[in-house]
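Novice: Could you have a look at this structure, given as structure tokens, before my questions?
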Amino acid sequence: MIWILLLFILWLAAVIFFRVYRIWLPYYALAAIGSAYWLVAFANTFLFQDLLAQLVAFSVSQFAGFLGIATQIFKNAPGLLMVLVITQNVGWTVLQIGVESSGMLESIVVVSLVMFYPGWSWGRRIFSVLAGLFMTWGANILRLMIIVVLLHWLGKPVLVIAHTFLAKAAFFGMTVAIYWFLITRPTIYQVAGLLRRQSLEKR
């Protein structure tokens, strides 16, 4: 525990040092990566992952109900979602929503990348974090809905393809789009505006 505390203090001191002396690239890289690590450690220590998995399972179950797909969740089994398969041998298939399927890691990356982005006001950072968390949550629910729908209608043999390829590809594309919207696109506009101002000043 002491070593973890010392490591956190060293990380924080390095982040503050780079921030004060405006050494932006090491500051941003160290702050974002370190923040992601500490947030994951915090989430695991305080069992936040279990709560998030339960919320994700509940949300997917509700959306599946709107589509007429029978599902079951259990209060004593966080992240456990049972989906009714109606093709071939009718029965239930259990989906376990863990770290990978909960969207926790992607959400933490969004928070870390946005909160330490240089040059943004705190208001813009907070708004971008909230927007990023909302979009990441929605993208993850959509990913799981792809699995649930395909599993329900096409049966258990499609589970590996739906989870490993289709749903992951869709989620990856949505995640890249979220990062583009939150960070890459504004950065391009910001740099382009700076270059235009410098060009006008030289005239």
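The rows are residues; the columns are (1) surrounded by 18 or more Cβ atoms within 10 Å (Cβ to Cβ); (2) among the polar types (S, T, N, Q); (3) at pLDDT 95 or above.
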| position | (1), (2), (3) |
| --- | --- |
| W122 | no, no, no |
| G132 | yes, no, yes |
| T136 | yes, yes, yes |
| A139 | yes, no, yes |
| L142 | no, no, yes |
| L151 | yes, no, no |
| G155 | no, no, no |
| F165 | no, no, no |
| F171 | yes, no, yes |
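Novice: Pairs under 6 Å by beta carbon, first residue without any contact (Cβ under 8 Å) to a residue 60 or more places away in the chain in the range 41-70, partner among the aliphatic types (A, V, I, L, M) and loosely packed, with under 14 Cβ neighbours inside 10 Å, six or more apart or different chains?
Specialist: none
Novice: Taking the condition of being outside any helix (DSSP H, G or I) and closer than 24 Å to Y179 by Cα, how many residues in the range 23-51 meet it?
Specialist: So the first thing to find is which residues in the range 23-51 are outside any helix (DSSP H, G or I), and the list is 23, 46-47.
Pick out the ones that are also closer than 24 Å to Y179 by Cα and you get 23.
The number of residues fulfilling the criteria is 1.
Novice: Using beta carbons and a limit of 6 Å, which pairs, at least six apart or on different chains, have the first residue in the range 9-31 and assigned by TED's automatic domain parsing to the domain that holds P118 and the second one surrounded by fewer than 17 Cβ atoms within 10 Å (Cβ to Cβ) and of a type in the set (F, W, Y)?
Specialist: If the second residue must be surrounded by fewer than 17 Cβ atoms within 10 Å (Cβ to Cβ) and of a type in the set (F, W, Y), no pairs are left.
This table checks each residue for (1) in a helix (DSSP H, G or I); (2) in contact with a helix residue (DSSP H, G or I) (Cβ under 7 Å, 6 or more places away or on another chain); (3) closer than 16 Å to V85 by Cα.
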position: G138; (1), (2), (3): yes, no, no
position: I147; (1), (2), (3): yes, yes, yes
position: L150; (1), (2), (3): yes, yes, yes
position: V158; (1), (2), (3): yes, yes, yes
position: A167; (1), (2), (3): yes, yes, no
position: F181; (1), (2), (3): yes, no, no
position: T187; (1), (2), (3): yes, no, no
position: L194; (1), (2), (3): yes, no, no
position: E201; (1), (2), (3): yes, no, no
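Novice: Counting only residues that are surrounded by fewer than 17 Cβ atoms within 10 Å (Cβ to Cβ) and among the aromatic types (F, W, Y), how many does the range 1-37 have?
Specialist: So the answer is 6.
Novice: Does I69 fit the bill of being assigned to a loop (DSSP other than H, G, I, E, B), touching a helix residue (DSSP H, G or I) at 6+ places or on another chain (Cβ under 6 Å) and closer than 24 Å to M174 by Cβ? Break it down stepwise before answering.
Specialist: Values: assigned to a loop (DSSP other than H, G, I, E, B): yes; touching a helix residue (DSSP H, G or I) at 6+ places or on another chain (Cβ under 6 Å): yes; closer than 24 Å to M174 by Cβ: yes.
Considered against the rule, which asks whether it is assigned to a loop (DSSP other than H, G, I, E, B), touching a helix residue (DSSP H, G or I) at 6+ places or on another chain (Cβ under 6 Å) and closer than 24 Å to M174 by Cβ, I69 comes out as yes.
The values are calculated or read from the model by the stated rules, or taken from the named source; none is laboratory data. Just so you know, these numbers come straight off a predicted model, no measurement behind them. Glycine gets a Cβ as well: all are built from the backbone with ideal geometry, and neighbour counts include every protein chain shown.
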